[in-house]
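Here's the structure we're looking at; comments come further down.
Computed from the coordinates by the stated procedures, all read-outs in this text should not be read as laboratory data. Note that the structure is a prediction, hence the values are computed from the model and not measured. Heads up, the Cβs are rebuilt from the backbone with ideal geometry, glycines too, and the neighbour counts pull from every protein chain shown.
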Amino acid sequence: MGGRTINVLNVAEKPSVAKSVATILSRNQGLRIREGRSRYNKIFEFSYSIRGQPCHMLVTSVTGHLMELEFDERYRKWHSCDPAELYHAPVRKYVPEDKKDIRRTLEEEARRCQWLVLWLDCDREGENIAFEVIEVCAAVNRHLILKRARFSALIDREIHEAVQNLVEPNQWFADAVDARQEIDLRIGASFTRFQTMLLRDAFAMDSVTDDKNLVLSYGPCQFPTLGFIVERYWEIQSHEPEEFWTINCSHRSDEGLATFNWMRGNMFDYTSAVIIYEMCVEEPTATVTNVRHHERLKYPPHPLNTIELEKRASRYFRMSSEQTMKVAEELYQAGFISYPRTETDTFPSRTDLHTIVEEQQGHPDWGSYAQRLLDSGAGLWRNPSSGGHDDKAHPPIQPTKFSTGESGWREEHWKLYELVVRHFLACVSQPAVGAETIIELDIAGELFSASGRVILAKNYLDVYRFESWGGSMIPPYVVGQQPPLLSEADLLSCMDKEGIGTDATMHDHIKKLLDRFYATKDTNMRFTPTNLGESLVMGYDDMGYKLWKPYLRAVMERDMKAVSEGAKSKAEVLASSLQQMKACFLDARLNKVKLFEAMEVFFERSNRSGGDEQHVAGEVVRRCGLCQEEDMVLKRKPVISFTRSNYVGIVYPSFLKCYCNPAEETGSFNGISCHFKKDGNFMVGCLGFPQCRNAIWLPGPVSEAAVTTNICNICTPGPVYKIQFKFRLLEIPPNYNANHLGCIGGCDETLIQLIEICGTGSRMPARGRGPTAPSSNGYQSNTRQGSCIYCQETGHSSSGCPSQLSVSRNARSRGMNHHNEGTSVSCSTCGTPCALRTANTANNRGRKFYSCPSRDCNFFVWEDSVNNGTGGSSLGSNTGRTSNASRNSGRGRGNRGGLHAAATAFVSATGDPVSGRRCFVCGDPSHFANGCPNRGT
DNA sequence: GCAAGGTC
């Protein structure tokens, strides 16, 4: 070839690899370094020749994935859509903000290059990152020729061979990762939103955390990890200790004491044990019946990979896996150990093991051992065993630089470096040799045995001080002893065995469980599920779903493998996997009562307002500018108590919705007439709740509020109906009137000022807290009696009722809320089939409606609106004006400025800074009136 | 405010 010099852009997965590749290829001759747009990703330049083609080489890097997957903007907000929509909502790949400078570097360099050579790690993720780099570079230079360099170690021969034998990038590998990302995102986001919105505000979880923003996340890796912990915990709980008896005998001689164990082990029958014991006592002469000698070997460990490093650091030093990886990364960055994220536990044949040992000869603690290893006369050397894993990307973790400790090291650095070095030296050492003796005795026909071990040659145990070889032959667990809680090392083993996470992410999943308050770790590094973690797992388990088991991940992994081998297409796997998971999600939602029941085992139901289920309808104030679907109505926070013959307590509005007209204080509950007492603060909220959470809080001192027919002539989009307020005089400053005709559209200075001074209803400390609802056996038990709510038969739950199943599936598969045949209406919120009922309130007596039977759902629709096509909505759309307003005002997007501004102004009054606003009392922009030092109290 | 996967 030869001829004109071409520019070749080389991109590695991380800066260190770019540097190594550049150093090796340039042979350190004429290597220039310059800055890129990103601080960490330098650009190396030198001349090189690829198969006779003179090249100007530019080597730079990314830092892992360049792109992330996310839902389209319209689905990003938690209340923007039904979580079930997340199984088909559009997603896009984009370059996140912190990677944009890397993208700029790639774009700038790619424009002037002819070739792009991809030096990403040779695994599936690496291949996927390669395509991300291609996407960015090809977008600015369509003529780029794309090449992939395959290499498995950063050593001269590999790198030179790789660049002289460039191949094509592997689309199948990248596709497998695309599918994995999309499935993870859709499952994770849908279940996380569902769980969080369903449970967080429904239960008093202050015992778990004070964090009101608690997220109850679900993830295909984190949940099975939690499952391991819960499962072991349940094993321990279900263990019933049983008494047993055993007989021991011992023999004291000049050489010491030998203890013999009864070969029957444990006897659970007391009488039998006593009889045998008496026989032995009556005839106590012991006869030695057997003496056996064995030579035993104890082999050194396999070469060190990530999981073993984490497990051993946990066992030997009580370091968490997360901490271990952090310290290991620092040691790697400083060049003392090799890359710490590796599955490989086999040394590549070309590894120069001797050189690594030679480097350690000068160490005060293990230097002499290293010298013995190198002395061929000592016979201590042994070629390392293979653990059978090879990720073909990185070698086992090994020391790469000699050190007797550095000034900046903390104790963890010392320990981890020592572990890596001693482990390496152990790997190339002979096994320990022991002589084992087993002695058997006969006393009155009963057999006893004892064993002892003498270590003949310690060999690797001399350097691997973390392991010992005790003389005891008693197994660590005996019958009847309960298993211990899972240790971090156990947990890592479980995850590794079942393929949960990767070596680089396992510790993240463990940490996530602690961060989410799903589990705790005690001082012995053992994990216990929290009430929250246990109840979530219990809930899904009660549903019959193994979502907390590793099976789902295993299936996904098989699919990914099939895609990466070309056996299945990405589209095929995505379609089938998401279809199944969506069905699972919908079923889980139908069965959400199981989650509630499990939570009720541990938590009190919350009467905290602000929850998803606790709004009672009011009057329409304006159309919601956020969701553009529903109206905003004046509501009173529904802390509602009711009285009936023998019970006083809080009723959840979901029970009330069909029975109680919000304007009245009487109604019926389960056919019993009740007296309702409303005692909450005022707010204006969206009827689309819980899908839409747009809410405007009103001043705390409001004692009465009513929507008028007055329309504000300032606020747009209209109409915005004004509200007649009455304030509690003692709670407002003297210069304000008790009566006020106000507007929530953002124009009303008086309201804004009162909120700044007095706060809003949402921030009032005690909101009519009544007696706590019974948690497991009060009226709530009507959903738990075991008989189906549709056919009244026992033996199946309502969600599995044969009379309803086909209807509900039909409705769901068409993505509809209802159809007009018989009683087949499904709840738009949770999909539960709804029964036809009759209203018994003053305004609507005799009118038929459908409502969701689930006690935690607000779905409600009048039968006549179903039949005339106006569709379902949440509670309260029966005011007449609602549906008219909905129909008349159009459903177009955009123009939500007026309401948005109003919401912002009111939000500012609750303490969140909004630019441009100042304290109303003193004018200082650094605080609001609520926190003003000049305000006085 | 959701996942898991790279890596800084």
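The table below gives the values:
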quantity: Amide proton proximity set for residue A:31, modelled H, under 5 Å, gap of 5+; calculated: none
quantity: Likely footprinting exposure, A:308, A:240, A:45, fewest C-beta neighbours within 10 Å first; calculated: A:240, A:45, A:308
quantity: Convex hull volume per residue in cubic angstrom - Cα atoms of the range A:113-272; calculated: 353 Å³
quantity: Residue A:269-residue A:112 pseudo-label distance in nm [points 7 Å out on the Cα-to-Cβ vector]; calculated: 9.2 nm
quantity: Label zone at residue A:295, where the point sits 7 Å out along the Cα-to-Cβ direction: the range A:416-458 residues whose backbone N lies under 19 Å; calculated: A:429-438, A:452-458
quantity: Surrounding net charge for residue A:370, when Lys and Arg each add one and Asp and Glu each subtract one, Cβ distance under 14 Å; calculated: -4
quantity: Antiparallel DSSP beta bridges within the range A:6-169, percent to nearest 5; calculated: 50 percent
quantity: Protection proxy ranking, peptides A:73-86, A:528-541, A:290-303, A:51-64, average beta carbon neighbours within 10 Å, highest first; calculated: A:528-541, A:51-64, A:73-86, A:290-303
quantity: Magnitude of the charge dipole, the range A:306-430, Cβ model with Lys/Arg +1 and Asp/Glu -1, debye to 20; calculated: 240 debye
quantity: Spatially proximal lysines relative to residue A:401 (Cα-Cα < 18 Å; intrachain offsets below 8 disregarded); calculated: A:19, A:415
quantity: Simple label model, 7 Å out from Cα along Cβ direction - residue A:204 to residue A:575, nm; calculated: 5.2 nm
quantity: Proximal lysines to residue A:726, defined as alpha-carbon separation beneath 28 angstrom and excluding residues fewer than eight positions away on the same chain; calculated: A:635, A:637, A:657, A:677, A:678
quantity: Ratio Rg/Rh, restricted to the range A:236-309 and using Cα atoms, in which Rh is the Kirkwood radius; calculated: 1.17
quantity: 28 Å Cα-Cα threshold exceeded, pairs from A:100/A:497; A:42/A:570; A:511/A:549; A:14/A:568; A:77/A:512; calculated: A:100/A:497; A:42/A:570; A:14/A:568
quantity: Simple spin-label estimate for residue A:150 and residue A:708 in nanometres, 7 Å along Cα-Cβ; calculated: 8.0 nm
quantity: For q = 0.14, 0.15, 0.22 Å⁻¹, Debye-computed log10 I/I(0) when each Cα of the range A:306-430 counts as one equal scatterer; calculated: -0.59, -0.68, -1.41
quantity: Cβ-defined net charge surrounding residue A:290, 11 Å radius [Lys, Arg +1; Asp, Glu -1]; calculated: -1
quantity: Calculated from backbone phi, Karplus (6.51, -1.76, 1.60) coupling profile of the range A:297-313 in Hz, x at Gly/Pro; calculated: 10, 10, 7, x, x, 5, x, 7, 10, 4, 5, 5, 4, 5, 5, 6, 5
quantity: Net charge over other residues, Cβ less than 12 angstrom from the Cβ of residue A:34 (K, R count +1; D, E count -1); calculated: -1
quantity: Gain in span if fully extended, residue A:454 to residue A:238, counting 0.36 nm per residue against the direct Cα distance; calculated: 73.7 nm
quantity: In the range A:139-183, trypsin sites (Lys or Arg not before Pro) in a DSSP loop with at most 11 other beta-carbon atoms within 10 Å; calculated: A:142
quantity: Nearby lysines by direct alpha-carbon distance to residue A:458 (threshold 21 angstrom, same-chain neighbours under 8 apart not counted); calculated: A:298
quantity: ³J(HN,Hα) computed for each position of the range A:736-745 - Karplus, 6.51 cos²θ - 1.76 cosθ + 1.60, integer Hz, glycine/proline x; calculated: 10, 7, 5, 9, 8, 8, x, 10, 9, x
quantity: Linear extension gain, residue A:545 paired with residue A:250, 0.36 nm per residue minus alpha-carbon span; calculated: 100.9 nm
quantity: FRET efficiency, residue A:349 to residue A:184 (Cβ-Cβ, R0 45 Å, nearest 0.05); calculated: 0.75
quantity: Ranking of A:522, A:490, A:542 by count of other Cβ atoms within 10 Å, fewest first; calculated: A:522, A:542, A:490
quantity: Förster radius 51 Å - calculated FRET efficiency between residue A:554 and residue A:35, Cβ distance, rounded to 0.05; calculated: 0.65
quantity: FRET efficiency estimate (nearest 0.05) - Cβ-Cβ, residue A:505 to residue A:215, R0 22 angstrom; calculated: 0.70
quantity: Extension gain, residue A:520 back to residue A:139 (0.36 nm per residue minus Cα-Cα distance, nm); calculated: 132.4 nm
